[in-house]
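Following: one structure in structure tokens, then a few remarks.
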Amino acid sequence: MSITPVGYTAFVELHHLYYELYAFARLGDVGLAEQVVELVLRQTEADWAWALRDDPAAFTWQALCEAVTVARKNAPTSPPDGLHRSMPERAADAALLHESLGLELAAAAALMGLEEPAVHAQLKAAHRWRFGNHPTGGS
């Protein structure tokens with residue numbers, strides 16, 4: 001029997017709800033979202049010592065984004081994901097967390113393992129992509 005590190009437990013309590021809300025927003029299926037988040041959190045727990053070498057939030061966010069992307073490909077009933085099809089992933093994630101899920105900039109940054117100015121820059125990029133002012137010059 002292994003003992004879960006206290007820091008990991010606190011980390012999960014802090015982020016679990018928003019991981020599930022993000023996964024549900026991208027997958028459109030509560031059960032699948034819960035499965036994906038549980039898988040990612042088990043992976044994070046198993047690699048907790050490694051995650052602590054840098055930033056556990058960034059480590060887990062990357063794993064979550066990858067797992068959601070794979071789950072979307074394997075789930076034929078996933079809803080359209082216009083944000084993630086029309087702009088870079090990080091900008092789409094920032095827009096989803098801040099604008100769709102209502103997270104404050106600081107909370108979105110903490111969840112993604114980024115500094116607040118980086119999330120602000122991603123939100124500005126998302127705005128430009130949505131309104132046709134992205135670098136490729138079209139919509």
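Among residues belonging to the range 1-24 that are among the hydroxyl-bearing types (Ser, Thr, Tyr) and over 15 Å from Ala51 (Cβ atoms), point out the one that is surrounded by the most Cβ atoms within 10 Å (Cβ to Cβ). Among them, the one singled out is Tyr22. Confirm whether Ala92 is under 11 Å from the mean Cα position of the chain (by Cα) and either in the same structural domain as His127 (by TED's automatic domain parsing) or of a type in the set (Phe, Trp, Tyr) (or both). For Ala92, the condition - under 11 Å from the mean Cα position of the chain (by Cα) and either in the same structural domain as His127 (by TED's automatic domain parsing) or of a type in the set (Phe, Trp, Tyr) (or both) - is met.
Residues in the range 16-27: is at least one charged (D, E, K, R) and within 15 Å of the chain's Cα centre (by Cα)? Scanning the range 16-27, I find at least one residue that is charged (D, E, K, R) and within 15 Å of the chain's Cα centre (by Cα), so the answer is yes. Screening the candidates Leu27, Leu101, Leu83, Leu105 for the property of being hydrophobic (A, V, I, L, M, F, W, C), surrounded by 13 or more Cβ atoms within 10 Å (Cβ to Cβ) and in contact with a Ser or Thr (Cβ under 6 Å, 6 or more places away or on another chain) yields one hit, Leu27.
Restricting the range 68-89 to residues that are within 20 Å of Gly31 (Cα to Cα) and without any contact (Cβ under 8 Å) to a residue 40 or more places away in the chain, the residue that is farthest from the chain's Cα centre (by Cα) is Pro76.
Check whether at least one residue in the range 121-137 is polar (S, T, N, Q), not in a helix (DSSP H, G or I) and not assigned by TED's automatic domain parsing to the domain that holds Val37, and report yes or no. Yes, some residue in the range 121-137 is polar (S, T, N, Q), not in a helix (DSSP H, G or I) and not assigned by TED's automatic domain parsing to the domain that holds Val37. Can you name the residue in the range 30-57 that is loosely packed, with under 14 Cβ neighbours inside 10 Å and of a type in the set (Gly, Ala, Ser) and, of all such residues, is modelled with the lowest pLDDT? Here the answer is Ala49.
The values are calculated or read from the model by the stated rules, or taken from the named source; none is laboratory data. What you see is a predicted model, and the numbers here were worked out from it, not measured in a lab. We place every Cβ from the backbone using ideal geometry, glycine too, and count neighbours over all the protein chains shown.
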